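A.B. asks: Mind looking over this structure? Questions follow.
The values are calculated or read from the model by the stated rules, or taken from the named source; none is laboratory data. Small disclaimer: the values here were computed from a predicted structure and weren't measured. Glycine also receives a Cβ, built like all others from the backbone with ideal geometry; neighbour counts cover every protein chain displayed. Protein only, heavy atoms only, side chains kept; ligands, DNA and RNA dropped before computing areas. Shrake-Rupley method; radii C 1.70, N 1.55, O 1.52, S 1.80 Å.
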Amino acid sequence: MPVTIVLGGQWGDEGKGKITDALAASADLVVRPNGSTNAGHTVVTDDGVFKLHVIPSGILYPHCTCVIGAGVAVSPPDLLREIATLRERHPRLGQLYLSDRAHVIMPYHPLLDLYEEQRRGAAGIGTTLRGNGPAFTDKVARRGIRIADLLPGAEPLLRRKLEILLPEKNVLFVHLYRQQPVDLEAILEEAGRWGEQLLPYVIQAEVFVQDAIAAGKHVIVEAAQGTMLDLDYGTYPYVTSSPPTAAGACQGAGIAPTQVDRVIGVFKAYTTRVGAGPFPTELHDEVGQLLRERGREYGTTTGRPRRVGWFDAVAARYTVRLNGMTEAALTKLDMLDPLPEIRICTGYRLGAEVLTAPPARIDQYEAVEPIYEVLPGWRTDTSRATSFADFPPEARRYVERIEELIGIPITMIGVGPARRQIVWRHAEALA
Ligand code: GDP
Ligand code: IMO
Ligand code: MG
């Protein structure tokens with residue numbers, strides 16, 4: 001069966017865009033199942049660097065159809081801007097469709113995101129301020145606005161929904177945050193314009209995707225974020241608000257678990273995270289600084305410096321199992337080239353105990369001490385490697401040790417940002 005899920009195995013920014021783009025060369029359909037403009041997926045081609053936020057990373061291939069699924073929250077002005085920018089820079093794009101069931105990031109959502117972060121102060125989550133959390137909160141509270149509600153003909157429905165919703169929002173704006181209220185008529189007018197502009201893209205995405213699967217098309221589901229940012233299994237409350245897991249990818253794309261045959265977990269050869277929350281292997285020394293600068297570890301969406309640390313095999317093994325990953329892609333191995341030694345976290349020490357999976361209690365997660373295994377570095381340029389045999393023995397050993405610890409094969413190894421800078425390892429990865 002031809003469905004492949006690509007998802008993040010860490011805290012996001014693992015290189016999902018690059019891996020999806022590489023696989024999309026031979027795919028018919030790429031579906032985005034979750035997240036919103038909070039995501040930033042980078043694809044580097046001969047035409048330049050493309051930063052995609054809600055549009056799937058297959059869009060740069062004219063043969064590839066891209067679908068924004070029901071599980072995504074879409075900011076219409078951001079999406080329209082993303083489409084316009086791409087069209088300007090890359091005239092040969094794939095076809096783009098948008099689910100009529102996707103939720104809308106309304107103008108009040110980014111404001112609520114900002115004011116709530118300000119109210120939390122030092123206890124802030126460090127969100128991307130794109131309105132993601134408030135939009136998914138409204139979805140779960142069953143008062144969200146969906147793309148279908150914006151379309152021509154749906155104005156009375158949208159008005160009725162907003163008439164109930166906005167008084168509640170305005171109590172928060174005026175009395176809690178001490179800000180201006182939002183105006184119903186202004187929002188209705190703006191929403192009407194969005195509906196007209198989005199209309200050509202809107203379809204019943206789950207039906208379209210199911211038809212494609214039935215026709216034997218090769219479908220990739222490109223999830224956003226990473227499993228350690230999942231609401232249930234991540235570092236709650238320092239997480240995002242839609243599920244970045246394989247289960248979430250199925251749900252958001254309208255695909256059944258029984259239709260999936262590959263789940264590719266993308267991992268960076270070290271770890272990064274943006275925003276607040278536990279990060280046991282975080283480096284505050286010159287190695288961290290070197291990786292941040294060398295790896296250009298600054299957020300694709302917000303430009304914030306990413307926190308940097310060693311590979312965390314405890315978290316990785318946990319996400320491998322939760323997602324039923326069949327294989328892994330290890331990106332940015334080249335970033336480790338200059339290091340004399342490299343560490344892998346193989347356990348968390350908590351008092352007298354050694355944990356082999358992340359604890360639920362956030363104060364405990366913040367208190368764990370990483371147990372490290374130290375491997376020799378290779379101090380050789382790997383960026384031109386084209387096969388596993390090209391790597392120095394120490395680099396091969398590092399990759400193989402991670403495979404042993406996480407329990408699945410690493411079938412792709414990233415050695416640079418460009419499309420061709422992937423070392424493919426097992427024959428099945430080329431299929
Ligand atoms: P995503 O959100 O998972 O798609 O990842 P991002 O695009 O936010 O961040 C990954 C960054 O690493 C991007 O700047 C990529 O161009 C870059 N990148 C991906 N794979 C590699 C690799 O193997 N080597 C190097 N040097 N850079 C890479
Ligand atoms: P991609 O798809 C890395 C993080 C934010 C913050 C937390 C909650 O590029 O890997 P939100 O705005 O979602 O409410 O923020 O989640 N976060 C990401 N971190 N990569 C992402 O996406 C992220 N999307 C959200 O930094 O800590
Ligand atoms: Mg990213």
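A.B. asks: Is it the case that some residue within segment 97-117 is of a type in the set (Asp, Glu) and open to solvent by 50 Å² or more (accessible area, probe 1.4 Å)? Can you show your working first?
C.D. replies: Residues of segment 97-117 that are of a type in the set (Asp, Glu), as a first pass: 100, 113, 116-117.
Still in the running and open to solvent by 50 Å² or more (accessible area, probe 1.4 Å): none.
No, segment 97-117 contains no residue that is of a type in the set (Asp, Glu) and open to solvent by 50 Å² or more (accessible area, probe 1.4 Å).
A.B. asks: In the set Thr20, Thr42, which member is surrounded by 23 or more Cβ atoms within 10 Å (Cβ to Cβ) and either under 26 Å from Ala316 (Cα atoms) or within 16 Å of ligand 3 (Cβ to nearest atom) (or both)?
C.D. replies: Checking each option against the conditions leaves just Thr20.
A.B. asks: With the condition being open to solvent by 10 Å² or more (accessible area, probe 1.4 Å), I'd like the strands (runs of 3 or more DSSP E) fully within segment 213-293 carrying at least 2 qualifying residues.
C.D. replies: Working: elements: 219-226, 260-268, 271-273.
Of the strands (runs of 3 or more DSSP E) lying wholly inside segment 213-293, those with at least 2 residues that are open to solvent by 10 Å² or more (accessible area, probe 1.4 Å) span 260-268.
A.B. asks: Check off (1) assigned to a loop (DSSP other than H, G, I, E, B); (2) within 10 Å of ligand 1 (Cβ to nearest atom) for Gly58 and give me the number that stays unchecked.
C.D. replies: Evaluating Gly58 over (1) assigned to a loop (DSSP other than H, G, I, E, B); (2) within 10 Å of ligand 1 (Cβ to nearest atom) leaves (2) as the failure.
A.B. asks: Check Arg159 against each of (1) more than 16 Å from ligand 2 (Cβ to nearest atom); (2) buried (at least 20 other Cβ atoms within 10 Å of the Cβ) and name the one condition it does not meet.
C.D. replies: Exception for Arg159: condition (2).
So that you can scan it fast, the table gives a plain yes or no per residue for (1) part of a loop (DSSP other than H, G, I, E, B); (2) surrounded by 15 or more Cβ atoms within 10 Å (Cβ to Cβ); (3) basic (Lys, Arg); (4) assigned by TED's automatic domain parsing to the domain that holds Ala123:
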residue	(1), (2), (3), (4)
Ile342	no, yes, no, no
Ala357	yes, no, no, no
Glu394	no, yes, no, no
Glu400	no, no, no, no
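Rundown of residues vs (1) within 30 Å of Pro134 (Cα to Cα); (2) touching a residue at least 12 places away in the same chain (Cβ under 8 Å); (3) in contact with a strand residue (DSSP E or B) (Cβ under 8 Å, 6 or more places away or on another chain); (4) more than 16 Å from ligand 3 (Cβ to nearest atom), yes/no style:
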{"position": "Ala25", "(1), (2), (3), (4)": "no, yes, no, yes"}
{"position": "Asn34", "(1), (2), (3), (4)": "yes, yes, yes, no"}
{"position": "Ile55", "(1), (2), (3), (4)": "yes, yes, yes, no"}
{"position": "Leu60", "(1), (2), (3), (4)": "no, yes, yes, yes"}
{"position": "Pro77", "(1), (2), (3), (4)": "yes, yes, no, yes"}
{"position": "Leu80", "(1), (2), (3), (4)": "yes, yes, no, yes"}
{"position": "Arg92", "(1), (2), (3), (4)": "no, yes, no, yes"}
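A.B. asks: Something else about it: Among residues belonging to segment 132-150 that are open to solvent by 30 Å² or more (accessible area, probe 1.4 Å) and touching a strand residue (DSSP E or B) at 6+ places or on another chain (Cβ under 8 Å), point out the one that is nearest to Pro110 (Cα to Cα).
C.D. replies: Residues of segment 132-150 open to solvent by 30 Å² or more (accessible area, probe 1.4 Å): 137, 139-143, 146, 148.
So of that shortlist, the ones also touching a strand residue (DSSP E or B) at 6+ places or on another chain (Cβ under 8 Å) come out as 139, 146, 148.
Working: Lys139: 15, Arg146: 16, Ala148: 21 Å.
Selected residue: Lys139.
A.B. asks: Could you tell me how many of the residues in segment 279-328 are acidic (Asp, Glu) and within 16 Å of ligand 3 (Cβ to nearest atom)? If you could, list the steps in order and put the result at the bottom.
C.D. replies: The initial filter retains those residues of segment 279-328 that are acidic (Asp, Glu), namely 282, 285-286, 293, 297, 312, 327.
Filter again for within 16 Å of ligand 3 (Cβ to nearest atom), leaving 297.
Going through segment 279-328 one residue at a time, the tally reaches 1.
A.B. asks: Quick test of your reading of the structure: His63 fulfils all but one of (1) over 24 Å from Ile5 (Cβ atoms); (2) surrounded by fewer than 24 Cβ atoms within 10 Å (Cβ to Cβ). Name the failing condition by number.
C.D. replies: (1)
A.B. asks: If I filter segment 294-320 down to residues being open to solvent by 20 Å² or more (accessible area, probe 1.4 Å) and in a helix (DSSP H, G or I), which single residue comes out as farthest from Tyr372 (Cα to Cα)?
C.D. replies: Arg294
A.B. asks: Pro77: touching a Gly at 6+ places or on another chain (Cβ under 8 Å) and surrounded by fewer than 20 Cβ atoms within 10 Å (Cβ to Cβ), yes or no?
C.D. replies: Numbers: touching a Gly at 6+ places or on another chain (Cβ under 8 Å): no; surrounded by fewer than 20 Cβ atoms within 10 Å (Cβ to Cβ): yes.
No, not satisfied.
A.B. asks: Also, I was wondering about something else. When you scan segment 118-131, how many residues do you find that are on the phi > 0 side of the Ramachandran plot, open to solvent by 30 Å² or more (accessible area, probe 1.4 Å) and in contact (Cβ under 8 Å) with a residue 24 or more places away in the chain? Steps first, answer last, please.
C.D. replies: Here is the first cut: in segment 118-131, the ones on the phi > 0 side of the Ramachandran plot are 121, 126, 129, 131.
Narrowing the set further to residues that are open to solvent by 30 Å² or more (accessible area, probe 1.4 Å) leaves 121, 129.
So of that shortlist, the ones also in contact (Cβ under 8 Å) with a residue 24 or more places away in the chain come out as 129.
The qualifying residues number 1.
A.B. asks: Does any residue in segment 247-269 that is more than 14 Å from Ala223 (Cβ to Cβ) come within less than 6 Å, Cβ to Cβ, of a residue that is in a loop (DSSP other than H, G, I, E, B) and of a type in the set (A, V, I, L, M) six or more places away or on a different chain, and which pairs are these?
C.D. replies: Gln259/Met1; Asp261/Met1
A.B. asks: Conditions first: (1) surrounded by 18 or more Cβ atoms within 10 Å (Cβ to Cβ); (2) assigned to a strand (DSSP E or B). Thr382 passes all but one, so which condition is the exception?
C.D. replies: Evaluating Thr382 over (1) surrounded by 18 or more Cβ atoms within 10 Å (Cβ to Cβ); (2) assigned to a strand (DSSP E or B) leaves (2) as the failure.
A.B. asks: Also: Residues of segment 365-379 being under 13 Å from Arg343 (Cα atoms), open to solvent by 20 Å² or more (accessible area, probe 1.4 Å) and over 27 Å from the mean Cα position of the chain (by Cα), which ones?
C.D. replies: Correct list: Ile371, Tyr372, Glu373, Val374, Pro376.
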